[in-house]
Amino acid sequence: MMELNTFMEYCFWVPVLFWVALFFWFRNISYVVFMKKQMNRGEKWAYVSGGYVKHPGRVSFLRFCDFLFTLVVSVVTAAVLVWILKMHGFGEYANYGFLTVLLFFAFAHLMVRRTEFKLTDLFQSAFYLEYRWVNYEIERKGITMSDENVRDRAGLSFAHKLRNAENHDRFWKYVKAMAASKKVPPEMFEVY
């Protein structure tokens with residue numbers, strides 16, 4: 001009986017570890033799916049690495065992996081929940097335990113949405129730092145330019161800097177540093 005209780009304790013932690021792994025999957029690997037969608041909408045701050053641009057099938061593969069990993073984590077969590085219900089004498093409710101797979105799918109969707117909001121904030125903050133610098137350079141040179149052209153130039157400059165950071169294996173470090181930076185050009189009086 002002692003071995004069964006020890007096994008039960010380990011089974012409880014398996015879904016927890018799966019949920020943590022799923023969170024890091026969405027944040028560090030599968031974010032490309034969201035960024036690709038934002039690029040297609042015309043957002044200047046969105047960036048997709050060159051490997052995914054050259055091979056668009058990789059984005060479809062990531063979508064499939066998102067669904068597959070979410071399904072596996074949801075089923076494993078529901079199975080552990082059913083087993084816990086049966087072990088504690090709630091066998092009649094255990095039959096409905098697998099309906100919680102839908103609940104866990106909804107929870108995974110909320111986790112994806114939260115990750116997307118965080119990525120949006122991170123990349124927009126990094127982009128607007130570059131936007132402020134490009135705008136400052138244009139104003140310093142005395143060039144009259146529309147806001148849309150300034151955004152286009154900032155988007156190109158931003159993509160170039162991120163591509164360079166990606167080539168030097170410091171992509172996330174660079175994006176986080178840009179987003180955290182509150183540097184404003186010294187002679188710039190307008191605050192954005």
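The values are calculated or read from the model by the stated rules, or taken from the named source; none is laboratory data. As the structure is a computational prediction, the values presented were derived from the model and not from experiment. No Cβ is skipped: glycine too gets one built from the backbone with ideal geometry, and neighbour counts run over all protein chains shown.
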Within segment 34-59, which residues are exposed (fewer than 11 other Cβ atoms within 10 Å of the Cβ), of a type in the set (D, E, K, R) and either in contact with a Leu (Cβ under 6 Å, 6 or more places away or on another chain) or not in a helix (DSSP H, G or I) (or both)? Arg41
Name the residue, out of Trp13, Trp19, that is closer than 19 Å to Phe107 by Cβ and at pLDDT below 90. Trp13
Within segment 108-158, residues being over 17 Å from the mean Cα position of the chain (by Cα), assigned to a helix (DSSP H, G or I) and of a type outside the set (Ser, Thr, Tyr) number 22
Among (1) surrounded by 16 or more Cβ atoms within 10 Å (Cβ to Cβ); (2) more than 22 Å from Met39 (Cα to Cα); (3) modelled with pLDDT of 90 or more, there is one condition Glu139 misses while meeting the rest; what is its number? (3)
All but one of (1) free of Cβ contacts under 8 Å to residues at least 60 places away in the same chain; (2) within 22 Å of Lys44 (Cβ to Cβ); (3) part of a helix (DSSP H, G or I); (4) of a type outside the set (Gly, Ala, Ser) hold for Phe105; state the number of the condition that does not hold. (2)
Can you give me the number of residues within segment 64-102 that are within 21 Å of Val14 (Cβ to Cβ), of a type in the set (Phe, Trp, Tyr) and either under 15 Å from the mean Cα position of the chain (by Cα) or part of a helix (DSSP H, G or I) (or both)? 4
Can you confirm whether Lys44 is touching a Phe, Trp or Tyr at 6+ places or on another chain (Cβ under 9 Å), closer than 30 Å to Arg151 by Cα and of a type in the set (D, E, K, R)? yes
Whether any residue in segment 110-117 is free of Cβ contacts under 8 Å to residues at least 40 places away in the same chain, closer than 30 Å to Cys11 by Cβ and among the aromatic types (Phe, Trp, Tyr) is what I want to check. no
Within segment 83-123, residues surrounded by fewer than 17 Cβ atoms within 10 Å (Cβ to Cβ), at pLDDT 90 or above and either more than 25 Å from Phe69 (Cα to Cα) or of a type in the set (D, E, K, R) (or both) come out as Arg113, Arg114, Lys118
